[in-house]
Amino acid sequence: MFTWVENFIVSVLKEGSIPKHLAFIMDGNRRFAKQRQLSSISGHKQGFHALKETLRVCLSLGVEIVTVYAFSLENFKRPEEEVNGLMKLCHKKLEELNQSGFLKDNQISVRILGELNLLPSFLRDTIDKVTRSTQSHTRAILNVHIAYTSREEILRAMKCVVKKVQDGTISKEEITEEILEDHLYSKDVPDILVRTSGENRLSDYLLWQASSSQLSFLDVLWPDFSFWHICLLVLSFQHQKWK
Amino acid sequence: MKIFSSKMKDGRIKSVGYSLSLFKILHLIILFGFHLISQIFGIFQTFRCFSLLSIENQRIWKDQNERRKKMEGLKRIPTHIGLAIEEEIELEFISNFVSICLSLKIPFISLYDDQGKLKEKRRELERLIHSKASQYSSKPSIPRFHSLKMASKYEREEKKWTNSLGNNNINTSMIILCDRRDGKEDLVNVCKLISDSVLNGQIEEKDITLESIDRNLSTSGIPDMELLMVSGHKMQTNGCLPWQIRLTTINFIGDLKELNESKIYKLLERFSKVEQRFGR
């Protein structure tokens, strides 16, 4: 529940233009855990709470699409114990979100995007269940990128287009940026792409989609990302538009 | 006051109208306050940069040895540095930036503007850079200039850049001029080249890999940008080589005229301390 101060701030911010689509590179869970002498998984659990809070705030502001980078293909290089722990956590939290009614009450449609065939079968089953049960929801979209890198996404799109050229569905001359975009996992362009933890790199995330997005590199660890950070983001977005 | 205090039959509507006005006013005040703070911060930065600039200009002339030692103290210098210009093209400031990078012997220096005006002004830029080279280095090197252009046929082999003598031993820096067409449009071009090769039977679908895309882009053979400085105030890369900036450290530097040697040194110092985990 929001405090009256938060409600008030949200009402004020809604007087200006609200970004339609926010994307987040949720970086800093392990550093958060290390600072508090917790395990990595504990850091990721706190990161999930931050994600839920971010969703709640975005919904109240009227943001229509929230896109998050949950797990990169590069993250498979991490210790097996951590990767397995992350897969189990993802499965558990998706189940919780679905069963708690949070997704239904807020009419959030969940899309999980990435090389899902690389994920363990128990997680793929949960993903299938959650995406099916939420596909009719219309208030907001939550895109979660798992087992993803942007270059692999573009490569995959090219392969699909080349196959269509081979099949005769389209001709080589008809290949345009729009055709390639149609074959990406998602072509929604974020208004703002945010990376937490102070790192100022895209790390192979949404390279195509975010080429004209406002980038925001924040020096806050993801589990500490809060209502106030989102408000500042929205304010900076409104300021850019105002200028 | 009349609106707020008048009694109406549908008084409920009037009170809602009152709330809306208050929030709108508050929103404008907060937005203006935010703008004021950013302007003051910007003026402060400008003032600080101008004062540093005058000091630094003196240091360039009087103390090249000290400057060289300071730069050589950097643990790591990027192999490829980029400058994306989001505002009016001012060749004077761009050539200052390039000259500083040349004095550090950075092998690849990319200059990006989305409209391609830099490619049009290439000759003038070359002349300016040659004239400034000796300001920042006692032994200025003559860089090579290269304007990116899309490949016309599918490449199977990785390109090797050669110097003007045709040797693979590169010992001069390369200045690369690029624009929006070298980004997404180039990727579309690669897709077309690959389609052609598949249709002609030159390659199969399994041969379409990240490396085959790399080989056929206009930047083939050039290492990805490690550090990108973006001028202006839009805080976006504005279409700058999306494929090539996947691991690039991106810094927004504000007005290009404020990018002096001291600021570049600070950004390079920060860059040299970055440890990339590459997913681990």
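Within chain A, the whole DSSP H helices whose Cα atoms reach 15 Å or more along their own axis and whose mean Kyte-Doolittle score is at least -0.5 are A:40-61, A:150-167, A:227-242.
The stretch A:185-243 and the stretch A:63-102 have their alpha-carbon centroids 20 Å apart.
The Rg/Rh ratio for the stretch A:150-222 is 1.12, where Rg is the radius of gyration of the alpha carbons and Rh is the Kirkwood radius.
Sorting A:224, A:27 on solvent-accessible area from highest to lowest, probe radius 1.4 Å, gives A:224, A:27. When the stretch A:14-126 is described by a simple charge dipole with +1 on each Lys and Arg Cβ and -1 on each Asp and Glu Cβ, the residue from A:100, A:73, A:26 located farthest towards its positive end is A:26. Remark: chain A carries a charge dipole of roughly 460 debye about the Cα centre, counting +1 on each Lys and Arg Cβ and -1 on each Asp and Glu Cβ. Overall, the ratio between the Cα radius of gyration of the stretch A:20-165 and 2.2 N^0.38 Å, rounded to two decimals, is 1.08. In nm², what is the average projected area of the convex hull enclosing the Cα atoms of the stretch A:1-40? The Cα convex hull of the stretch A:1-40, projected and averaged over all directions, gives 4.9 nm².
Spacing of the modelled spin labels on residue B:262 and residue B:37, each 7 Å from Cα toward Cβ, amounts to 2.6 nm. The label-point distance for residue B:21 and residue A:224, in a model that sets each label 7 Å from Cα toward Cβ, rounds to 4.3 nm. The solvent-accessible area of residue B:114, taken with every protein chain present and a 1.4 Å probe, is close to 40 Å². For the stretch A:104-209, state which trypsin sites (Lys or Arg not before Pro) are in a DSSP loop and have at most 14 other beta carbons lying within 10 Å of their beta carbon. Here the trypsin sites (Lys or Arg not before Pro) that fit, given the DSSP loop and packing criteria, are A:139, A:187. The three principal axes of the C-alpha atoms in the protein assembly as shown carry coordinate ranges of 84, 64, 50 Å, sorted with the longest axis first. Annotation: residue B:214 carries an accessible surface of approximately 60 Å², with a 1.4 Å probe and no ligand, DNA or RNA atoms counted.
Using a 1.4 angstrom probe on the protein heavy atoms only, line up B:24, B:192, A:20, B:149 by accessible area, largest first.
B:149, A:20, B:24, B:192
When A:76, A:102 are compared by accessible surface with a 1.4 Å probe, the order from highest to lowest is A:76, A:102.
Short-range pairs are left out: with C-alpha atoms under 8 Å and at least six residues apart, the relative contact order of the stretch A:114-198 is 30 percent. Ordering B:212, B:271, B:232 by Cα displacement along the dipole of the stretch B:169-272 toward the positive end leaves B:232 in first place; charges were set at the Cβ atoms of Lys, Arg (+1) and Asp, Glu (-1). Mean residue ellipticity, 222 nm, helices only, the protein assembly as shown: the sum of -39500 (n - 2.57) across DSSP H runs of n ≥ 4, divided by residue count and rounded to 500, is -15500 deg cm²/dmol.
The values are calculated or read from the model by the stated rules, or taken from the named source; none is laboratory data. From a predicted model like this one, the values you see are computed outputs, not experimental measurements. Cβ atoms come from the backbone with ideal geometry, glycine included; neighbour counts cover every protein chain shown. Accessible surface areas use protein heavy atoms only, side chains included; no ligands, DNA or RNA. Shrake-Rupley method; radii C 1.70, N 1.55, O 1.52, S 1.80 Å.
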